[in-house]
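Some notes on the structure that comes next.
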Amino acid sequence: MHGKAYFCLIVHQLRFILSQVTKPQTPPSGHSPRFRLFFWLSLALLLLNLLVVNDYAPLWDPWEGLNWWVSRESPSQLPHFFYATWQSLFPDQFFAWRLPGTLLLLASLGIWYYGARPIFGERGSRYALLVLATAWPLVFSAKIAVNDIWLFAAQLLMVLALLRFLKQAQSAWRWISYGAILFALSIHLWSTVVLLVVLSTYLWGLHPQGKRLTRLLPWLSLPLLLLAPADPEGFLFTYGQLGYPYYLLYLSLGLLPWSGFFFGSLADLVYKLRRKEEMALILAGLLLATLLAQSPLLILVFALLIARQISAYFVPNYPYRAVVKGFAVLHLIFSFCLITYLLLSAFAQVGAVGFRGVMAVGAIYWMLTFIAVIGLYSYRPEMILGGMVWGALLSFLLFWLQLYPLLESRSIQSGDLLEKMEKQSTAERPILLSDSLWETYPSWRFLARQRQLRLSPVGVSDPTVSTTTAPDLLLTDRPQAPRPNFRVVDSLAAYSWTQLDSLSFYLWRPASGRE
């Protein structure tokens, strides 16, 4: 009898423990000391990711190298003029040149947090910041000197001012809206006009207070599309630089750890739109406008959608819990397969050292996201947030500290190419690059200027050299003779990790040139 009683007691205790483990917990309110510590530690990890290796990493081609060259030679937009002045203050200092992007991201996130709390709430605003901190496209565009982070900050301020004016209609927000609109227009005309007009028209027609936006007269910006450049320079993800399918792919992959909440948020958005809920109307308008404008602000809209689902997941009657769990498990399987492929690829390309580098990054990411999936099934918010946020941030950090230096050391060494050209060239004649190399590697122009070498693309004469002067050298990426009577004087084989391909470069000299 005593044995049976003990057995029943043990079963009762196990049932009680299981019921507590599978019982939805209250998510962090945003005011508890433990959550505040986690929140600020996560932002500290974000800052570390933004600053690490910026002092010695070379210019990223073609985006950052092209932005550097355009800012120096032919600035046409507000960021270019800023960088032109910044370069004169800090010449050839990569860390200083990349610092404005980091400061812009931090400032824009702070402005959004304090300005959007009355609309999206304290908890939703903090969750959105944590999601944004894990978005690698946003972190990468702030880490290198490209104009996407400028557009993100300007359009964020513009949308925030529009929403605050929509809710309050105060004159202060009206003038802030005008200033933010002008700021965004000076960075990317086309994307800003499309975003402004589509969002204003949508809210004007569907939001209960949408008629207030007529006081801003946003539709007057439409004629500016006639002045918009067809292919603005210095951008990475925005309209005019990246094809639309790749734009959607890269920004979606940036939120891969949150895929379960993302698909759950889409189902929830459709449901609440049918009920004409105000917040769903605002988020749907932002989603439509940013998609049509091909704006980097789309990642903020994704973060806002995900942040709402993190809070709703712990409500007992949350209807999309199976969707969230299912896609989280699929993400876990997909990431395992991807990491396995990268391990094999790294071993084949670099050897055991590459295998260990990918293993370090992949292991920390997969283990922490696995903990997050366990948190989804056991309803533990600290496991969900900790696993997803720190899994992404720590894997980013390990990539920059361990894997990136290895990849860079095995990739194209621009200095080797320039050293070969310097040995073979004379000071009186220009060195020509094939058009493909001139566009793909604009950072070479920066390095050549440091070495006092003159580079020009094929077919475009150097303005400092007479057009009758024959070229001293011609650099191509093809073994075929680019012009009659040219011969190869040197070559270099290299691997480009950004292009995942082995490349060969050839130095050509006219047959009549000096031996």
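The values are calculated or read from the model by the stated rules, or taken from the named source; none is laboratory data. Fair warning: this is a prediction, and the values are worked out from it, not measured in the lab. For neighbour counting, all protein chains shown are included, and Cβ atoms are generated from backbone atoms with ideal geometry for every residue, glycine included. For the accessible areas, the whole protein counts, side chains as well, though only heavy atoms, and no ligand, DNA or RNA atoms are used. Shrake-Rupley method; radii C 1.70, N 1.55, O 1.52, S 1.80 Å.
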Qualifying residues in the range 38-85 (those that are of a type outside the set (A, V, I, L, M, F, W, C) and farther than 19 Å from G234 by Cα) - the one surrounded by the most Cβ atoms within 10 Å (Cβ to Cβ):
N49
Could you run through the range 365-408 and say how many residues are under 19 Å from L43 (Cβ atoms), touching a Gly at 6+ places or on another chain (Cβ under 7 Å) and open to solvent by 30 Å² or more (accessible area, probe 1.4 Å)?
1
Turns out the helices (runs of 4 or more DSSP H) fully within the range 18-117 with at least 2 residues that are at pLDDT 80 or above and closer than 19 Å to L385 by Cα are 33-51
In the range 346-356, which residues are in contact (Cβ under 8 Å) with a residue 40 or more places away in the chain and of a type in the set (G, A, S)?
G354
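Can S259 be described as modelled with pLDDT of 85 or more, among the hydroxyl-bearing types (S, T, Y) and open to solvent by less than 10 Å² (accessible area, probe 1.4 Å)?
On the way: modelled with pLDDT of 85 or more: yes; among the hydroxyl-bearing types (S, T, Y): yes; open to solvent by less than 10 Å² (accessible area, probe 1.4 Å): no.
No; evaluated as a whole, the condition is false for this residue.
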Please enumerate the residues belonging to the range 118-148 that are in a loop (DSSP other than H, G, I, E, B) and touching a residue at least 24 places away in the same chain (Cβ under 8 Å).
T134, A135, I144, A145, V146, N147
May I ask you to verify whether S88 is among the hydroxyl-bearing types (S, T, Y) and open to solvent by 50 Å² or more (accessible area, probe 1.4 Å)?
yes
Checking L288 against (1) more than 28 Å from V361 (Cα to Cα); (2) touching a Phe, Trp or Tyr at 6+ places or on another chain (Cβ under 8 Å); (3) open to solvent by less than 10 Å² (accessible area, probe 1.4 Å): exactly one of these is not met. Which one?
(3)
Meets criteria (in a helix (DSSP H, G or I) and surrounded by 19 or more Cβ atoms within 10 Å (Cβ to Cβ)) for G362
yes
Only residues that are within 25 Å of the chain's Cα centre (by Cα) and either without any contact (Cβ under 8 Å) to a residue 12 or more places away in the chain or part of a loop (DSSP other than H, G, I, E, B) (or both): list them for the range 374-412, please.
S409, S411, I412
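State whether the residues of the range 165-176 include one that is touching a residue at least 40 places away in the same chain (Cβ under 8 Å), surrounded by fewer than 19 Cβ atoms within 10 Å (Cβ to Cβ), part of a helix (DSSP H, G or I) and not aliphatic (A, V, I, L, M).
First, pick out the residues of the range 165-176 that are touching a residue at least 40 places away in the same chain (Cβ under 8 Å): 165-167, 169, 174.
Retained after the next criterion (residues that are surrounded by fewer than 19 Cβ atoms within 10 Å (Cβ to Cβ)): 167, 169, 174.
Still in the list and also part of a helix (DSSP H, G or I): 167, 174.
Narrowing further to those that are not aliphatic (A, V, I, L, M): 167, 174.
Checking the range 165-176: at least one residue is touching a residue at least 40 places away in the same chain (Cβ under 8 Å), surrounded by fewer than 19 Cβ atoms within 10 Å (Cβ to Cβ), part of a helix (DSSP H, G or I) and not aliphatic (A, V, I, L, M).
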Breaking point among (1) modelled with pLDDT of 75 or more; (2) outside any strand (DSSP E or B); (3) under 30 Å from V146 (Cβ atoms); (4) open to solvent by 40 Å² or more (accessible area, probe 1.4 Å), for A448
(4)
Assigned to a helix (DSSP H, G or I), within 26 Å of E233 (Cβ to Cβ) and modelled with pLDDT of 70 or more: is that true of L453 in this structure?
no
Scan the range 221-230 residue by residue and report those that are modelled with pLDDT of 75 or more and open to solvent by 60 Å² or more (accessible area, probe 1.4 Å).
L222, P223
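Select from the range 231-254 the residues that are open to solvent by less than 10 Å² (accessible area, probe 1.4 Å) and part of a loop (DSSP other than H, G, I, E, B) and write down the one among them that is farthest from S335 (Cα to Cα).
First pass over the range 231-254, keeping only residues open to solvent by less than 10 Å² (accessible area, probe 1.4 Å): 232, 234-235, 238, 247, 251, 254.
With part of a loop (DSSP other than H, G, I, E, B) added as a condition, the list becomes 232, 234-235, 238, 254.
Working: P232: 35, G234: 31, F235: 28, T238: 27, G254: 13 Å.
Step by step, filter the range 231-254, then rank; the result is P232.
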Scanning the range 326-353 for residues that are small (G, A, S) and within 17 Å of I371 (Cβ to Cβ), the one surrounded by the fewest Cβ atoms within 10 Å (Cβ to Cβ) turns out to be S335
Can you tell me which residue within the range 196-217, out of those that are open to solvent by less than 30 Å² (accessible area, probe 1.4 Å) and in contact with a Leu (Cβ under 7 Å, 6 or more places away or on another chain), is farthest from A284 (Cα to Cα)?
L213
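In the range 292-317, what residues are touching a residue at least 40 places away in the same chain (Cβ under 8 Å) and either over 22 Å from the mean Cα position of the chain (by Cα) or open to solvent by 30 Å² or more (accessible area, probe 1.4 Å) (or both)? Step through it out loud before you land on a result.
Within the range 292-317, the subset touching a residue at least 40 places away in the same chain (Cβ under 8 Å) is 292-300, 302-316.
Result: L292, R308, Q309, I310, S311, A312, Y313, F314, V315, P316.
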The range 177-220: number of residues that are in contact (Cβ under 8 Å) with a residue 40 or more places away in the chain, in contact with a Phe, Trp or Tyr (Cβ under 7 Å, 6 or more places away or on another chain) and β-branched (V, I, T):
1
